[in-house]
Amino acid sequence: MAETKPTSHIVVTSIPLFSHESSVIEFCKRLIHVNNHFHVTCIFPTIDAPIPATLKLLESLPSTIHCTFLPPINKQDLPQDVPLQIEHAVTKSMPSFRDSLTSLCSNSTTPLVAMVVDPFANQALEIAKEFNLLSFLYFPVSSMTTSLHLYLPILDQQVLGQYINHTDPIQIPGCIPIHGQDLPPTFFQDRLSIAYETILRQTKRFPLADGVLINSFSKMEESTARALMENRDNIINNTQLVYLVGPIIQTGSNQLNESLCMKWLENQIPNSVLYVSFGSRGSLSQEQINELALGLELSGQKFLWVLREPSNFENLGDHSAKTDPLQYLPNGFLERTKEQGLVISFWAPQTRILGHISTGGFLTHCGWNSILESISLGVPMITWPLFGEQRLNTILLVEGLKVGLKVKFNENGIAEREEIAKVVRDLMLGEERIGIQQRIEELKDAAASALEEDGSSTKSLSQLGTKMESNARK
Ligand code: UDP
C-alpha cells in the first residue's frame, strides 16, 4: 500500500507486560496498513525499565508509529503480586501520561482523534474524555475472556459465595460453561480479596469507552462474539461496538537465538518437532522442570524447548538473569538428548519456529498470543496452563475447538514424566492427531481469510478507522 501523509493521530497505551505491548504494537501496524492516513503514538508505562523484547520490536516499526515510555515506576514501591503491581504502576503513571498527551496535542501536526487502551490501563479512559478523544479498549485476549471481564458486574450480582466453590458451571452468554476453579486464579480465588475488588472496579470503567476491540476472529469464537454484540446494552452500553480485529500475531524477526533455532530445525524432518514454551514470563518449579525433561526424553520425540530458571512465580520478562537455566536440567539430560532435542535459554523466535515445516506440535502455557500464533501457523497444541486466563483458553482449545490435547496434573499440581511422554506421543503420533490437524488447518484458513482485503477483521479495522476519523471532523 502506498504511503500517504497521515491526517489523524491516535494515541495508544498498554501495561508493562511484553505480550500486551507487543500485541497492541502489531495492532497498530494492522490499523495503519488498513487505514494509511493514521499516525500512531504509543505511550507505555514502565516498571523499572522498558522490557528488552519490546525494545527489540521497536527497531522495525514503520515511520508512522512512534513509541515512548513514561518515567519508570520503581518496582520496590509496588506490591509483589503481578496484577496488583501492574495496576499500581499504571495508576502512578497516569499524571505523566496526561502530561505526555498535553505535549502531544500541542506539538502534533495532525489532530489527535482517538485513544486505544489496554483493559488493565483503563484509568486512561477518563483522560481520553478530558481530551475529547474517542476511546477504544483493546483486549489482547479471547472473546471468551473479554466476555468474562465485560459481564463481571452482572456475575458479581448473580453468583453467590466464592466462585471456586460454585458447583454449577458459570454460564456467560455465548461461551462454553466455565467451572469456578477455571477462572483466572489471582482475581477469582477469593472475592473478598483486593485483587477481585480491583478487577471489579476496573470493569465498571469500561462503559466509558466508545468501542471494544478483540484480538480474535469470527470463525474462531462466533457465538461468543455474537452474544457480546447482542447483549451489549446490559454489559457495556448500547452505543459501543465490538470489533473483532484478529488474529494479530508477532511478525518481527531477528530475535534472540534465531539463527541457532532455525539452523537446528533445518536438519529435522517435516512435522517431527515439538516446540515447548511457556510464553514471555512463564517458568516452572525445579521439580516440574525435572519431570518435563524426563518426560520429553521418554517420549522419544524431537523437541525444541525454551527454558527459564525455576520459579514458582511469573517472571516478568526479565531475561537478563544472572544464572544459566540449563544448569537446572537433570544430570546428563543434555548429553543423552543431544540428538533428540535442543534446549534454548530464556527466549526463542516463536513465530518463526511455529512457521517452520519441521515443527509439528506446540506444548504451550496457553497464553492468547501463543494460541493465535499456533492456529495461524497450523500447529496442533498440548495445553499446559500456568496462570491468568490460561485455563479458560485451554477449555476453548480442547473442549470447544478440539485442536489440542490436555496435560493432566497430579494432586500436587505436577505433570509427571509418564503423563508428559504419553500426551506428547499422542499429539505427535496418535490417532487423534489426524482430526486435530484437520480442524487446525480449517482454523488456519479462516484466520488467513479474516485478514484478507475483504476479510471480516480487515472490514472491522476499516470501520474502526472511519469511526476514529469522524472525531477529526467534529
Ligand atoms: N515469545 C517469543 N519467544 C519466547 C517466548 C515468547 O517470541 O521465547 C512471544 C510469543 O510469540 C508471544 C508472546 O511472546 O507473542 C507471549 O504471549 P502469550 O500471550 O502467549 O503469553 P504471556 O507472555 O502473556 O504469558
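The values are calculated or read from the model by the stated rules, or taken from the named source; none is laboratory data. Owing to the predicted nature of the structure, the values given are computational and were not obtained by experimental measurement. Using ideal geometry, Cβ is built from the backbone for each residue, glycine included, and neighbour counts are taken over all protein chains shown.
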Given (1) modelled with pLDDT of 95 or more; (2) farther than 24 Å from F131 by Cα, T54 misses just (1)
Regarding the stretch 303-316, can at least one residue be identified that is closer than 21 Å to M428 by Cα and away from the ligand (no atom under 12 Å from the Cβ)? yes
S8 - would you say it is in contact (Cβ under 8 Å) with a residue 60 or more places away in the chain, polar (S, T, N, Q) and within 16 Å of the ligand (Cβ to nearest atom)? no
The number of residues in the stretch 199-217 that are farther than 15 Å from L137 by Cβ and buried (at least 19 other Cβ atoms within 10 Å of the Cβ) is 1
Test set (1) more than 24 Å from N369 (Cα to Cα); (2) within 16 Å of the ligand (Cβ to nearest atom) - S14 fails condition number: (1)
In this structure, does M468 turn out to be surrounded by 14 or more Cβ atoms within 10 Å (Cβ to Cβ), over 24 Å from the mean Cα position of the chain (by Cα) and assigned by TED's automatic domain parsing to the domain that holds N35? yes
Residue match in the stretch 333-349 (condition: within 16 Å of the ligand (Cβ to nearest atom), surrounded by fewer than 24 Cβ atoms within 10 Å (Cβ to Cβ), over 30 Å from T186 (Cα atoms) and without any contact (Cβ under 8 Å) to a residue 24 or more places away in the chain): no
Looking at the stretch 360-397, which of its residues are over 15 Å from S143 (Cα atoms), within 13 Å of the ligand (Cβ to nearest atom) and not in a loop (DSSP other than H, G, I, E, B)? F362, L363, T364, S370, E373, S374, I375, S376, M381, T383
Answer with yes or no whether I420 is assigned to a helix (DSSP H, G or I), within 26 Å of C175 (Cα to Cα) and touching a helix residue (DSSP H, G or I) at 6+ places or on another chain (Cβ under 6 Å). no
Take the stretch 299-313 and flag every residue that is within 12 Å of G282 (Cβ to Cβ) and buried (at least 20 other Cβ atoms within 10 Å of the Cβ). V306, L307, R308
Considering only the stretch 93-116, state which residues are touching a residue at least 40 places away in the same chain (Cβ under 8 Å) and farther than 21 Å from M468 by Cβ. S93
Looking at the stretch 284-298, which of its residues are surrounded by fewer than 23 Cβ atoms within 10 Å (Cβ to Cβ) and assigned to a loop (DSSP other than H, G, I, E, B)? S285
I15: closer than 18 Å to S135 by Cα, touching a residue at least 60 places away in the same chain (Cβ under 8 Å) and assigned to a loop (DSSP other than H, G, I, E, B), yes or no? yes
Of the residues in the stretch 28-50, those that are in a strand (DSSP E or B) and away from the ligand (no atom under 16 Å from the Cβ) come to F38, H39, V40, T41, C42, I43
Tell me, yes or no, whether the stretch 20-27 has at least one residue that is assigned by TED's automatic domain parsing to the domain that holds G465 and either over 30 Å from D81 (Cα atoms) or in a loop (DSSP other than H, G, I, E, B) (or both). no
